[in-house]
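Could you have a look at this structure, given as structure tokens, before my questions?
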């Protein structure tokens, strides 16, 4: 039993000083995606269901390669930040919540790297 | 701990006491489209990894995504994307403190719904 007040218990611990980092990053990535997402979408849709050689030719072009790499890195960051909020809002059990947060923090970074790697491999013609 | 905590204070939002309205539905759909597009993002990476791996693997992935169920998933994703895209812009405008009135908010909501359908059709047209 402690007689400390709630205020006393947290006093001096301070904030992590990154309270607005998530908010700002979510919006910066949103702004970037206004350009990146449509620029990625159109050539992707044109190549879907197409020849393998045409797909390689498209993403060997520096513009399409850069747009696609940028799209994967920025989009998956935006996605991770968004889903983090969903988890924070709806997943309440402490262990499940922690498991979801860890999965969320790792998985989307892995997909971002995988997507970017695929484009680099195609672009460099390996 | 002693003192200041008030554990029984009312929580917000109490979704069940609200009548459905435009703003609420738009907000829920924004979340759902964002969550759904996570799955589409995984499919996209898979398709590109396949293309980077071999012609055979690409043929498999491309066949899956252009099968009728693949096309259905991508068609819904396309609309979800354009909805999330335009509603995201609506959100950014709110962040600037603009368009927050109920009337204007409902109006821009309908713009988002309309544009999401138009751009879905338009992007399919562009891709053909």
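We did not get these values from a lab; they are worked out from the coordinates using the rules stated. Computed from a predicted model, the values in this text were never measured in an experiment. No Cβ is skipped: glycine too gets one built from the backbone with ideal geometry, and neighbour counts run over all protein chains shown.
Over the Cα atoms of the range B:24-127, Rg to Rh with Kirkwood Rh, two decimal places?
With Rh from the inverse mean 1/r over Cα pairs, Rg/Rh is 1.09.
Principal axis lengths of the range A:22-123 from Cα atoms, whole Å, largest first?
49, 24, 21
Under a crude label model (7 Å from the Cα following the beta-carbon direction), how far is residue A:120 from residue A:88 in nanometres?
The answer from the label model is 3.1 nm.
Round to a whole angstrom and tell me the spacing of the C-alpha centers of the range A:88-111 and the range A:12-64.
22 Å
Per DSSP H run of at least 4 residues, take -39500 (n - 2.57); add these up for chain B, divide by its residues and hand me the 222 nm value, nearest 500 deg cm²/dmol.
That calculation yields -27000 deg cm²/dmol at 222 nm.
In percent, how large is the relative contact order of chain B, given Cα pairs closer than 8 Å and 6 or more residues apart?
27 percent
Return the Rg/Rh ratio of the protein assembly as shown with Cα-based radii and a Kirkwood Rh.
With Rh from the inverse mean 1/r over Cα pairs, Rg/Rh is 1.05.
On a 0 to 90 degree scale, rounded to 10, what angle separates helix B:102-127 from the longest Cα axis of chain B?
With rounding to tens, the tilt is 0 degrees.
Taking one equal scatterer on every alpha-carbon of the range B:63-103, how large is log10 of I(q)/I(0) by Debye at q = 0.18, 0.23, 0.25, 0.31 1/Å?
Here log10 of I(q) over I(0) equals -0.59, -0.73, -0.79, -0.93.
Is it possible to state the helix-based mean residue ellipticity at 222 nm for chain A, with each DSSP H run of 4+ residues giving -39500 (n - 2.57), the sum divided by total residues, to the nearest 500 deg cm²/dmol? What is it?
Helix-only estimate at 222 nm: -27500 deg cm²/dmol.
Give the angle, between 0 and 90 degrees and rounded to the nearest 10, that separates the Cα long axis of helix B:22-53 from the longest principal axis of the Cα atoms of chain B.
So the helix axis and the longest Cα principal axis differ by about 30 degrees.
How far is the Cα center of the range B:63-125 from the Cα center of the range B:17-61, in Å?
Cα centroid to Cα centroid, the span is 13 Å.
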